[in-house]
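These notes concern the structure reproduced below.
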Amino acid sequence: MKIGLTHNDYPIKRNILNKVSEYEYVFLRKNNNLFHSLSTVKKILFRKKPDIEGKYFFYQKPKIDILHLYNDINYSSQKWVTSFETLVPRFPETKNDHQKAEPQHIRNKKTEEALRQIEKKNCLGIISISQASANIQLELLKNYPEFQETIKSKLSVIHPSQEVIPRDSREIYQNRETFNLIFVGTQFHLKGGVEMIEVLKKLKKQYNFNLSIISSFKTDHYVTRVTEKEAQETREMLKKEDWIKIYENIPNEKVIELIKQSHIGLLPTWSDTYGFSVLEMQAAGVPVITTDIRALPEINNESCGWLIHLPQNRLKQALYFTAEQREELKKNLKIQLESILEDIFTNPEQLPEKSRQSLERIRKEHDPAIVSEKLKAIYRKA
């Protein structure tokens, strides 16, 4: 069976590419997508910004059995599946509905037509990478009751697979002279990096630890609203600290090596659709401190790690929509992170058991063989 893919980026590699070993995966050209071609013409002739987000349509049909999209909807007759991290369709009209104190959606024809495509027989299934995202999808469907039951029957949750990363965790924790902490996040501010540093600077006066930061310090304009200048100033400030090492744009192999040398992982994030770095840390037996938003409490808990509880709405989206909410979020994050770290530093004997539980969770919940069988079951509907 041939599975067609439209991108070769990290989410595709993490969730779809080569997950069923006996199937062949084919990368398609962008000009196979009618919407991409039309938007390119529109951009050249009318100098208008392309609007193809969430849409896919074949007009040059390749030799594949199934098209497996990510966050997109197929409008052609090709048999297809889509995986998603928040919801589908991912349109400007839908993608921010959950990011409100009280989630709400305004019904519209564009979304209605997209849902009609999902309802058709050539759509074999829609795959959420977390239960949190599945809940966001179900929330959208409440506004379109005519599609609700059919699409709900096509909805499944398949968490990403994760191979165990070999290391001698017992030796790591027994031969500890200092705590090695690690933070992985492209958007440093969005992932709670600033609050983390404030807490660690305070604790550094009393405890012995080092911090590895893997980040390109990209900005975000919808949550923390940090500017490019502010992000670069933060990076330069951190470079002056002798207990911090910064790594930018390094290959995943190097990331894994740094993880394997660590005692504790950190992801005190404001916003995240999943948290793939958490899986890699746990797979190496590195317990992680995370917030409890979106999918994170599905992949982290008090048995295998530590949770920071943030103010959030009923769809597990952190509340950061007003200046007051952002200040409350920062306050909660720092108080709880400091308390958790102090407990770890004064009671390090808890680390080996958390490490063992992290590995056990990965083996049980992210087994590549089980993920492969779940995907195969959906593909076989073709």
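The values are calculated or read from the model by the stated rules, or taken from the named source; none is laboratory data. Here the structure is a predicted model, which is why all the values come from computation and not from measurement. Neighbour counts are summed over all protein chains in view; Cβ atoms, including those assigned to glycine, are modelled from backbone coordinates with ideal geometry.
Among 190, 200, 211, which is the only one that is assigned by TED's automatic domain parsing to the domain that holds residue 249, farther than 27 Å from residue 369 by Cα and part of a strand (DSSP E or B)?
Working: 190 fails: part of a strand (DSSP E or B); 200 fails: part of a strand (DSSP E or B).
The match here is 211.
Scanning segment 219-257 for residues that are touching a strand residue (DSSP E or B) at 6+ places or on another chain (Cβ under 9 Å) and among the β-branched types (Val, Ile, Thr) yields a count of 5.
Could you please let me know if residue 321 is at pLDDT below 95 and either surrounded by 14 or more Cβ atoms within 10 Å (Cβ to Cβ) or acidic (Asp, Glu) (or both)?
yes
Restricting attention to segment 230-287, the residues that are under 20 Å from the mean Cα position of the chain (by Cα), in a helix (DSSP H, G or I), of a type in the set (Val, Ile, Thr) and closer than 17 Å to residue 216 by Cβ total 1. Out of 162, 137, one residue alone is part of a loop (DSSP other than H, G, I, E, B) and within 23 Å of the chain's Cα centre (by Cα). It is 162.
Going through segment 218-241 one residue at a time, which ones are buried (at least 18 other Cβ atoms within 10 Å of the Cβ) and at pLDDT below 95? Result: 223, 224, 226, 231. For segment 292-368, the helices (runs of 4 or more DSSP H) that sit wholly inside it and include 1 or more residues that are under 30 Å from residue 97 (Cβ atoms) and of a type in the set (S, T, N, Q) are 323-346. So for segment 124-138 (the condition being over 12 Å from residue 84 (Cα atoms), crowded, with 17+ Cβ neighbours inside 10 Å and in contact with a strand residue (DSSP E or B) (Cβ under 6 Å, 6 or more places away or on another chain)), does at least one residue qualify? Yes, that holds for at least one residue.
Check whether at least one residue in segment 200-214 is over 18 Å from residue 288 (Cα atoms), free of Cβ contacts under 8 Å to residues at least 60 places away in the same chain, of a type in the set (A, V, I, L, M) and surrounded by 12 or more Cβ atoms within 10 Å (Cβ to Cβ), and report yes or no. No - not one qualifying residue is present in segment 200-214.
Can you name every residue in segment 334-354 that is touching a residue at least 40 places away in the same chain (Cβ under 8 Å) and not basic (Lys, Arg)?
Those that are touching a residue at least 40 places away in the same chain (Cβ under 8 Å) and not basic (Lys, Arg): 337, 338, 340, 341, 342, 344, 345, 348, 351, 352.
Taking the options 361, 314, 326, name whichever one is basic (Lys, Arg), farther than 24 Å from residue 128 by Cβ and in the same structural domain as residue 265 (by TED's automatic domain parsing). Quick ask: steps written out before the conclusion?
Details: 361 fails: farther than 24 Å from residue 128 by Cβ; 314 fails: farther than 24 Å from residue 128 by Cβ.
None of the other options fit; the residue is 326.
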